[in-house]
Amino acid sequence: MKLRAQIIVVPCFVLSASMPSVAFSFGDQDSVTTDSTQRSYVMQEVFVTALRLPQTASLSSSSVTILSGEELQRINASSLSQLLAPVSGLFVKDYGGSSGLKTLAQRGLGPEHTLVLLNGMRVSNPQNALVDLGVFGADEIERLEVLHGGQSATFGADAVAGAVNIVSAPGTDARNVNASMSVGSFGYKHFGLSGGGRIAELIVRGAYREEKGNENFPFSFRNGPELTRLVRTNADFTSRSGTLTSSYRLSEDAEATLYARSFFSERGVGGQVVGPAATSVARQNDNDNLAQLTFHMQSDRLRYRMGLQYHDSYLRYRDNNFVVGGVVLDSDYSSREWRIEPRVEYSLTSTSRIAFGGEIAFAGGEGNLLAKDIRRSTVGGFVAGEHQLLDESELIDGLLLYPSLRLDAITTGANTLSQWSPQLGVVLPFHALAFLEAKPTLRASISRNFRVPTFNELFYAGGGGIGNPNLQPERSTSIDVGASTVFRLLGKHVVQASYFDIDMSERIMWVAAGGQSVTPKNIRAVRSRGIEVAYGWTSNDDLIILSANYSSSDTRKTSQDFPGDRNINIQLVYIPQETAYLSLTIAKSLDNPVLKHLAVSFASSFAGFRYTTEDNRNLLPSHWLAQVNVRTRVELAGLSLITRVEANNLFDKDYQILLSYPMPGRSYKLTFAVEY
Amino acid sequence: MNARLLPAIFTVVAIVSCRNEPSTSSNIEPQPPSPVKAVYVLNEGNFGDPTGARLTVYDAERDSLYHDVYEAGNEGSHLGSVGDDMQFYNGRAYFVMSGSQNIVVMNLATKRKESEAFFPGSAVHDLLIDSTRNKVFVTRLFSSSVFVLDLTSLAIIGTISVGSNPQGMALVGNRLFVCNSGYGNDSTVTIVDASTHLVTGTLALAKGPSSAAVASDGKLWVACTGNAFATPPVNGKLFVIDPALNAKVDSISFNEDLYGNIAIGADGYAYVIGSSAGFGGAVHRVFTANKTVTLNFISGEYYGLAFDDARREIYLTNVRNFANDGEVKIYTTSGALRKSFAAQRGPSVVGFVR
């Protein structure tokens, strides 16, 4: 193995205003009002709140998926990662079980190319541009907004493949207390308690959750014809989080909100299973604290928002079985970031709006695998417009133009880079047609996007890896063209299709650089193209809800990583060329004095084969998975009693998402919740 | 159309539309049996690949090449993950895999597995067979120790504490020399009594002792990598040890760090690999008699190194960044390329059965 062994340390720690568009929602955000005599329907407008210029979803210029309310309930999920997995075009890179790292990739690019936001503000870690999706509990999330395609004109760096905005559960006027408890396979236990209400002009919500599991699930290890049944070890986890949400109405037109969250976890890192004797004793601790203060004010034509965020995170990873130079591997990393984001939206005329604003952020990172303490400042400014170019006619509902431009100046250490990110979007909405009352919309957008090098890429100084302070940003051009329509035929149907084309240059890759080391370089060009199709149907009586999606992508390396590299025009590794998802829900609200709601959801997901080697000679096979859940709500003596029974990996498939990281077989979970 | 049929229709369409999975290198094709007397190449494989370590056999007499030789002889079973060392003894090949933490013993005639031992939690790395004492010494890469195994049963009969990140070993008489690489942070060679397993001494050399070989004059040559990460970087060095004195008697410095391996040929030269390229570098050689150094004797990017005493040829492996299957190049002692043949992923160790 020579000194190549050192290099494996690297991935362990690495190993990071557009006018979006047509939301795709089958739930209560996008409900249908049915008139039995006229059979007409009205689409409620869905606002994508992450956008700097909040946008009615049906008139956005790039693809958007929104999940909220009942839609989230249909998915068997303990964490954010499972909620996102069904979204068309997304692929969750899961390192196995509840404790394994979970990151998000979309449109053929890496996890570092999708920006993660919490309540509209960036939470991706500057160390590696990643967010572990497993650290957000599913019950903390009110709504998810997935913006597909390049969004640097809106968010600046890192939104190359898109962005995900997590909207936290808000407080409510009504005083309430909720308690929930879950037990499940492999020692899974969950406890949650939340409550709140209004006190004068103040709305408060507090929540606490605790989760733990052994994750000692059985799995099969195959060596040719030999099949060995093993049990996952050192994959246990414990996590705790607390959140506080409050909003205070300052006047009829102004409101201040506070959101604070603290998260802690301790877990085993099971690692790769490359043989029946392979064991791991590595452990990881995470601590994450975040506070957001936002101020909103609005008048007839003006909306003003000021957001302030503090975010710190700490990670410690230690492996007593990994001793180099007599020193046990024990790495830590901590970061802090302050950011302030003011923005103004102004309606110029009845057909034109403009938004402008900025972002000022200061981040610092320290760790014993970084060459030095790092400071980064980001100053960004944007202007975004919306203009109706053509008047409404018999056929079309106007032609909407969305230009936007953002400038970022990012200073890391002594180096400053400036980056312009333009975007232009066009939307052509049609009036409802006579045929099936269809209401189609066409859209297109083109944008320039970038990803700024992470702290690791710039200043890593671990065994075998040396950061490169001279790295330049990755740059890309993103094209997104799509169409959507709703129509009525035995209920409401929603169809959305997108074609994307991302042309990336100067992609940063860790390559061998002599001196028995690897170092990151701006060397790779990548072209990713594909289609995403989503479909939903809700029966007239709302009894049956069907949703399905399919994506197909082709993501190829188009340049040499090193002289003599033969792998040109080859698919990138760990990118499924196809994904599909099908969900069927039967839900009934009942008049029964006790049993008020009964719902059953079945879902099946497909991930196509993924190449595991750069020459595309080895692959992980495709897999279909199935899950089911049954949900009931009983009301008794002023209490709502909610029961949820779920089964995952229903057919007990042996599969892996990433090579040598086993995934659990069939598992069950039972949840009881009481709401008052 | 009955909309309630949509789920079934979707499922059928989705299944039909799914792209066919291509065949992969894990599909082992039937092949004729490979000869016993041949050049054996252990391919390291990619990290994390449980099937990565593969065996390639090259029949120099017939110029015939055989891939996946172990799989062909064992119904498709694999050696394991990260093949790091290979030794031959008494009609058997011993393979060491640090990733899957196992040693496999294969019969050279039948190519069938005769035995296997697992070492949970130990990244076993280099192996030395002491047939005199019926023992096997195995370095534990991340555990600062050496396992002593019974040669017949592969059972652990002792553990010897040595320096950090031990890699290569050499046996001179009753003394076992263990190179403590420390990945460039240790500088010592531990001397062990092969009979009692007691540490009898420690030699302080230079950063990164990684491999050792015995020259025809009985002197022990130790290759030290240096440390590219130190401030300032430390270049590689060769040391000549007189086992009779248990002392270093000479050293040769290089102007770059070394990749760590050394081979001493019947031509009287010691060959080492530099570290200036991606995975490895050019080959330098030193005449053991007078310590004359020829830098960049063979230019290129080489990872593994062996000298065929019978044919007096140098075998060098190129791993092609582990992004493609690698290759093996055969050079004459004058530095001329005689032949190259395709290996598999990450060819790292070359051995000869004559």
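The values are calculated or read from the model by the stated rules, or taken from the named source; none is laboratory data. Just so it is clear, the structure is predicted and the values come from calculations on it, not from any experiment. Here the Cβ is made from the backbone with ideal geometry for all residues, glycine too, and neighbour counts use every protein chain on show.
Anything in the stretch A:416-427 that is out of contact with any Pro (no Cβ under 9 Å at 6 or more places or on another chain) and crowded, with 18+ Cβ neighbours inside 10 Å? List them, or say none.
First pass over the stretch A:416-427, keeping only residues out of contact with any Pro (no Cβ under 9 Å at 6 or more places or on another chain): A:416, A:418, A:420-421, A:426-427.
Matches in the stretch A:416-427: A:421, A:426, A:427.
With a cut-off of at least 2 residues that are within 14 Å of chain A (Cβ to nearest Cβ) and not small (Gly, Ala, Ser), name the strands (runs of 3 or more DSSP E) lying wholly within the stretch B:222-323.
Correct list: B:258-264, B:269-274, B:292-302, B:313-318.
Consider residue B:162 against the criteria (1) hydrophobic (A, V, I, L, M, F, W, C); (2) buried (at least 19 other Cβ atoms within 10 Å of the Cβ); (3) within 25 Å of residue B:281 (Cβ to Cβ): it satisfies all of them except one. Which criterion is unmet?
(3)
Considering only the stretch A:112-127, state which residues are assigned to a strand (DSSP E or B), surrounded by fewer than 24 Cβ atoms within 10 Å (Cβ to Cβ) and more than 11 Å from the chain's Cα centre (by Cα).
Across the stretch A:112-127, the qualifying residue is only A:121.
Of everything in the stretch B:207-221 that's more than 13 Å from every other protein chain (Cβ to nearest Cβ) and part of a loop (DSSP other than H, G, I, E, B), which residue is surrounded by the most Cβ atoms within 10 Å (Cβ to Cβ)?
By that ranking, first place goes to B:219.
Anything in the stretch A:494-516 that is outside any loop (DSSP other than H, G, I, E, B), surrounded by 20 or more Cβ atoms within 10 Å (Cβ to Cβ) and touching a Gly at 6+ places or on another chain (Cβ under 9 Å)? List them, or say none.
Hits for the stretch A:494-516 are A:494, A:496, A:498, A:500, A:502, A:507, A:510, A:512.
Give A:450, A:487 a once-over and let me know the one that is part of a strand (DSSP E or B) and surrounded by fewer than 23 Cβ atoms within 10 Å (Cβ to Cβ).
The conditions single out A:487.
Scan the stretch A:202-254 residue by residue and report those that are within 26 Å of residue A:283 (Cβ to Cβ), among the hydrophobic types (A, V, I, L, M, F, W, C) and within 14 Å of chain B (Cβ to nearest Cβ).
If the condition is that a residue be within 26 Å of residue A:283 (Cβ to Cβ), among the hydrophobic types (A, V, I, L, M, F, W, C) and within 14 Å of chain B (Cβ to nearest Cβ), then A:219, A:221, A:230, A:231 are the ones that fit.
Tell me, yes or no, whether the stretch A:477-495 has at least one residue that is within 22 Å of the chain's Cα centre (by Cα), more than 11 Å from every other protein chain (Cβ to nearest Cβ) and small (Gly, Ala, Ser).
The answer is yes; a qualifying residue exists.
If you go through the stretch A:120-137 one residue at a time, how many are out of contact with any Ser or Thr (no Cβ under 6 Å at 6 or more places or on another chain) and aliphatic (A, V, I, L, M)?
Going through the stretch A:120-137 one residue at a time, the tally reaches 3.
Go over the candidates A:401, A:424, A:417 one by one and state the one that is over 23 Å from residue A:148 (Cβ atoms) and either at pLDDT 90 or above or not in a strand (DSSP E or B) (or both).
Numbers: A:401 fails: over 23 Å from residue A:148 (Cβ atoms); A:424 fails: over 23 Å from residue A:148 (Cβ atoms).
The match here is A:417.
With more than 21 Å from residue A:227 (Cα to Cα), at pLDDT 95 or above and acidic (Asp, Glu) as the only criterion, which of A:675, A:646 stands out?
Sole residue among the options that is more than 21 Å from residue A:227 (Cα to Cα), at pLDDT 95 or above and acidic (Asp, Glu): A:646.
Of the conditions (1) assigned to a loop (DSSP other than H, G, I, E, B); (2) more than 14 Å from chain A (Cβ to nearest Cβ); (3) closer than 15 Å to residue B:98 by Cα, residue B:133 fails just one. Which one is it?
(3)
Just to be sure I understand the filter: pairs with C-beta atoms under 8 Å, separated by 6 or more residues or on different chains, first member in the stretch B:174-186 and at the interface with chain A (Cβ under 7 Å from one of its Cβ atoms), second member outside any strand (DSSP E or B) and of a type in the set (Lys, Arg). Which pairs pass?
B:182/B:207; B:185/B:207; B:186/B:207
In this structure, does residue B:168 turn out to be of a type outside the set (Ser, Thr, Tyr), buried (at least 21 other Cβ atoms within 10 Å of the Cβ) and assigned to a loop (DSSP other than H, G, I, E, B)? I'd like the intermediate steps shown before the answer.
Numbers: of a type outside the set (Ser, Thr, Tyr): yes; buried (at least 21 other Cβ atoms within 10 Å of the Cβ): yes; assigned to a loop (DSSP other than H, G, I, E, B): no.
Spelling it out, it is not the case that residue B:168 is of a type outside the set (Ser, Thr, Tyr), buried (at least 21 other Cβ atoms within 10 Å of the Cβ) and assigned to a loop (DSSP other than H, G, I, E, B).
Name the pairs: first residue in the stretch A:134-156 and of a type in the set (Asp, Glu), second residue surrounded by fewer than 21 Cβ atoms within 10 Å (Cβ to Cβ) and part of a helix (DSSP H, G or I), Cβ to Cβ under 9 Å, at least 6 apart or on different chains?
What qualifies is A:142/A:72.
Would you mind telling me which numbered condition in (1) under 21 Å from residue B:210 (Cβ atoms); (2) touching a strand residue (DSSP E or B) at 6+ places or on another chain (Cβ under 7 Å) residue B:88 fails?
Answer for residue B:88: the failing condition is (1).
For residue A:652, only one of the following conditions fails: (1) touching an Asp or Glu at 6+ places or on another chain (Cβ under 8 Å); (2) more than 30 Å from residue B:344 (Cα to Cα); (3) not in a strand (DSSP E or B). What is its number?
Here residue A:652 meets the rest and fails (1).
Any residue that is part of a strand (DSSP E or B), farther than 26 Å from residue B:323 by Cβ, within 14 Å of chain B (Cβ to nearest Cβ) and of a type in the set (A, V, I, L, M, F, W, C) - is there at least one of those in the stretch A:615-625?
Yes, some residue in the stretch A:615-625 is part of a strand (DSSP E or B), farther than 26 Å from residue B:323 by Cβ, within 14 Å of chain B (Cβ to nearest Cβ) and of a type in the set (A, V, I, L, M, F, W, C).
Kindly indicate whether residue A:260 is farther than 30 Å from residue B:124 by Cβ, more than 14 Å from chain B (Cβ to nearest Cβ) and touching a Leu at 6+ places or on another chain (Cβ under 6 Å).
Details: farther than 30 Å from residue B:124 by Cβ: yes; more than 14 Å from chain B (Cβ to nearest Cβ): yes; touching a Leu at 6+ places or on another chain (Cβ under 6 Å): yes.
Yes.
Identify the residue in the stretch B:309-336 that is among the polar types (S, T, N, Q) and on the phi < 0 side of the Ramachandran plot and, among all such residues, is modelled with the lowest pLDDT.
B:324
Identify the single condition in (1) under 22 Å from the mean Cα position of the chain (by Cα); (2) farther than 30 Å from residue A:666 by Cβ; (3) assigned to a strand (DSSP E or B) that residue A:157 does not satisfy, given that it satisfies every other one.
Residue A:157 satisfies every listed condition except (3).
May I ask you to say which residue of A:555, A:579, A:519 is at pLDDT below 95, surrounded by 17 or more Cβ atoms within 10 Å (Cβ to Cβ) and in a strand (DSSP E or B)?
Result of the check over A:555, A:579, A:519: A:519.
Quick one: which residue in B:98, B:115, B:122 is among the polar types (S, T, N, Q) and facing chain A (nearest Cβ under 8 Å)?
Among B:98, B:115, B:122, only B:98 is among the polar types (S, T, N, Q) and facing chain A (nearest Cβ under 8 Å).
Please determine whether any residue of the stretch B:189-206 is polar (S, T, N, Q), touching a helix residue (DSSP H, G or I) at 6+ places or on another chain (Cβ under 9 Å) and crowded, with 21+ Cβ neighbours inside 10 Å.
Checked the stretch B:189-206: no residue is polar (S, T, N, Q), touching a helix residue (DSSP H, G or I) at 6+ places or on another chain (Cβ under 9 Å) and crowded, with 21+ Cβ neighbours inside 10 Å.
Going through the stretch A:626-644 one residue at a time, which ones are within 14 Å of chain B (Cβ to nearest Cβ) and either touching an Asp or Glu at 6+ places or on another chain (Cβ under 9 Å) or buried (at least 18 other Cβ atoms within 10 Å of the Cβ) (or both)?
Applying the first criterion (within 14 Å of chain B (Cβ to nearest Cβ)) to the stretch A:626-644 yields A:626, A:628.
If the condition is that a residue be within 14 Å of chain B (Cβ to nearest Cβ) and either touching an Asp or Glu at 6+ places or on another chain (Cβ under 9 Å) or buried (at least 18 other Cβ atoms within 10 Å of the Cβ) (or both), then A:628 is the only one that fits.
Would you check which residues across the stretch A:178-203 are hydrophobic (A, V, I, L, M, F, W, C) and farther than 21 Å from residue A:68 by Cα and list them?
Here is the first cut: in the stretch A:178-203, the residues hydrophobic (A, V, I, L, M, F, W, C) are A:179, A:181, A:183, A:186, A:191, A:193, A:199-200, A:202-203.
Correct list: A:181, A:183, A:186, A:191, A:199, A:200, A:202, A:203.
Only one residue in A:266, A:252 is among the acidic types (Asp, Glu) and crowded, with 17+ Cβ neighbours inside 10 Å, so which one is that? Outline the logic, then answer.
Working: A:252 fails: crowded, with 17+ Cβ neighbours inside 10 Å.
Of A:266, A:252, the one residue that is among the acidic types (Asp, Glu) and crowded, with 17+ Cβ neighbours inside 10 Å is A:266.
Find the residue count for the stretch B:337-354, including only residues that are assigned to a strand (DSSP E or B) and either modelled with pLDDT under 95 or within 11 Å of chain A (Cβ to nearest Cβ) (or both). Steps first, please.
Filtering the stretch B:337-354 down to residues assigned to a strand (DSSP E or B) leaves B:337-342, B:347-353.
Keeping just the survivors that are either modelled with pLDDT under 95 or within 11 Å of chain A (Cβ to nearest Cβ) (or both) gives B:348-349.
The total comes to 2.
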